[in-house]
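S.K.: Have a look at the structure that comes next, please.
The values are calculated or read from the model by the stated rules, or taken from the named source; none is laboratory data. Just so it is clear, the structure is predicted and the values come from calculations on it, not from any experiment. Because the Cβ atoms are built from the backbone with ideal geometry, glycine has one as well, and the counts that use them run over all protein chains shown. Surface areas here come from the heavy atoms of the whole protein model, side chains and all, with no ligands, DNA or RNA. Shrake-Rupley method; radii C 1.70, N 1.55, O 1.52, S 1.80 Å.
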Amino acid sequence: VWFTVQEARRAQIQEHLANAAESFNFQLHLPSQDPATDTPMLDDAGAWITDAQGEVVRRPGGHGALLPLLEQVMTPFVVIRNIDNAPSPSCTEERLLWTQAMVEEAQTWAREREGWRVRLGARGDVCSECVAWLNRAGAGLTSTPTLQDCVDWLTRPMRLVGVVRNEGQPGGGPFWVRVSDGPDAGLVRPQIVEAVEFTHETHDVLGAATHFNPVDMVCILHPGQSLSPFVDATRHLKANKTALGREVRILEHPGLWNGGMSGWLTRFVEMPSSCFQPVKSALDLVGRK
């Protein structure tokens, strides 16, 4: 079990979770974001925020900075959950059932992918059935790819993403997006898009969204594979935050589950809304049983 933590809190969190790790017999990993991924901040006048020595002050560069940590996980299936989603204990059994179902489906999906890799190697050419399978996996291909292109698509990381019905929660969701840069430029592909990525001109699209992304997904990886080639570098996030006791403007890396995974093969699965209960403050936990 991996929790990404602040370095200053590592010992405290380790002590807090030690008994649970022993009781339930799991290994606990507490990695920290690499400080090299920290990003600078702007004040309301558009100037870099600096310290007393005149050095530019940096802050953690958002969840997209966690992508290198995902590369360190040496297992082909990884369940990712956003810590903000903390359903009532009474929902634990149902949520576990859905997680197990998603892992099982991810394993089936991975076996299908491996079957196509073997068949393409044996055939030596591209078949329409393989292209159809790739498009069901979100490739968005509009013409027949070459054999090498098919092989490359079949080596991409994949993700099975759980979504819930949109009931007005703030945040992102699943959308069709025309990719603007990189090897997928021009393709229309399923993506997770954060609310902050929408402009005033496209905000009505966000409001009409049917589903919400609570960040509950199963990633299918080739352990040791570099994930940086599948990042859409045009999707850095700009946002307003409070830091150092003041309002600041920040730049974050393309989000882990949106721009950071833009090039992944992607499928969305609808989950029950009971699997999503957000926690933005301690008060949100009051009354949950």
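S.K.: Whose amide H sits under 5 Å from the amide H of F268, counting only residues 5 or more places off or on another chain, with H placed in the peptide plane?
M.R.: Counting only residues 5 or more places away or on other chains, the set is V161.
S.K.: So which chymotrypsin sites (Phe, Trp or Tyr not before Pro) in the stretch 1-92 are both in a DSSP loop and have at most 11 other Cβ atoms within 10 Å of their Cβ?
M.R.: Numbers: sites: W2, F3, F24, F26, W48, F77; in loops: F3, F24, F26.
Of the chymotrypsin sites (Phe, Trp or Tyr not before Pro), the ones in loops of the stretch 1-92 whose Cβ has at most 11 other Cβ atoms within 10 Å are F24, F26.
S.K.: To continue, here is another question. Amide H neighbours of D216 under 5 Å, counting only residues 5+ apart in sequence or on other chains, H built in-plane at 1.01 Å?
M.R.: Answer set, sorted by chain and number: G162.
S.K.: Quick check: convex hull over the Cα atoms of the stretch 1-145, volume per residue in Å³, rounded to an integer? All intermediate terms of the calculation are to be shown ahead of the outcome.
M.R.: On the way: hull volume 33.2 nm³, N = 145.
Output value, Cα hull per residue: 229 Å³.
S.K.: Could you tell me which GluC sites (Glu not before Pro) in the stretch 1-67 are loop residues by DSSP with no more than 11 other beta carbons within 10 angstrom of their beta carbon?
M.R.: Working: sites: E7, E15, E22, E55; in loops: E55.
Of the GluC sites (Glu not before Pro), the ones in loops of the stretch 1-67 whose Cβ has at most 11 other Cβ atoms within 10 Å are E55.
S.K.: Starting from the Cα of K280, draw a straight line to each of the aspartates and glutamates and keep only those under 14 Å, dropping any in the same chain fewer than 8 residues away.
M.R.: Result set, ordered by chain and number: D84.
S.K.: Now for a different question. Looking at the calculated P(r) for the chain, what percent of the C-alpha pair distances fall above 35 Å?
M.R.: Details: 9564 of 41616 pairs.
Result: 23 percent of Cα pairs exceed 35 Å.
S.K.: How about the stretch 163-220: which GluC sites (Glu not before Pro) there are in a DSSP loop, with at most 14 other Cβ atoms within 10 Å of their Cβ? Kindly include the intermediate steps, with their values, before the conclusion.
M.R.: On the way: sites: E167, E194, E197, E201; in loops: E167, E194.
Sites meeting the loop and neighbour criteria: E167.
S.K.: Read phi for every residue in the stretch 19-31 and hand back ³J(HN,Hα) as whole Hz from Karplus 6.51 cos²θ - 1.76 cosθ + 1.60, θ = phi - 60°, with x for Gly and Pro.
M.R.: Along the stretch 19-31, the couplings run 5, 5, 4, 6, 5, 9, 6, 10, 7, 10, 10, 10, x Hz.
S.K.: Based on a Kirkwood Rh over C-alpha pairs, give the Stokes-Einstein translational diffusion coefficient of the stretch 113-158 at 20 °C and viscosity 1.002 mPa s in µm²/s. Present the calculation step by step, with values, prior to reporting the outcome.
M.R.: Numbers: Rh = 10.5 Å.
D, rounded to a whole number, is 205 µm²/s.
S.K.: Ignoring ligands, DNA and RNA, what percent of the 1.4 Å accessible area of the chain is carbon and sulfur?
M.R.: Working: 8660 of 15920 Å².
Its accessible area is 54 percent carbon and sulfur atoms.
S.K.: While we're here: Taking amide H positions as placed in the peptide plane 1.01 Å from N, state which residues far from N166 in sequence (5 or more) or on other chains have amide H under 5 Å from it.
M.R.: Here H211, F212 satisfy the definition.
S.K.: Compute the accessible area per residue over the chain, keeping the other protein chains in place, probe 1.4 Å, unit Å². All intermediate terms of the calculation are to be shown ahead of the outcome.
M.R.: Details: 15920 Å² over 289 residues.
Per-residue accessible area for the chain comes out at 55 Å².
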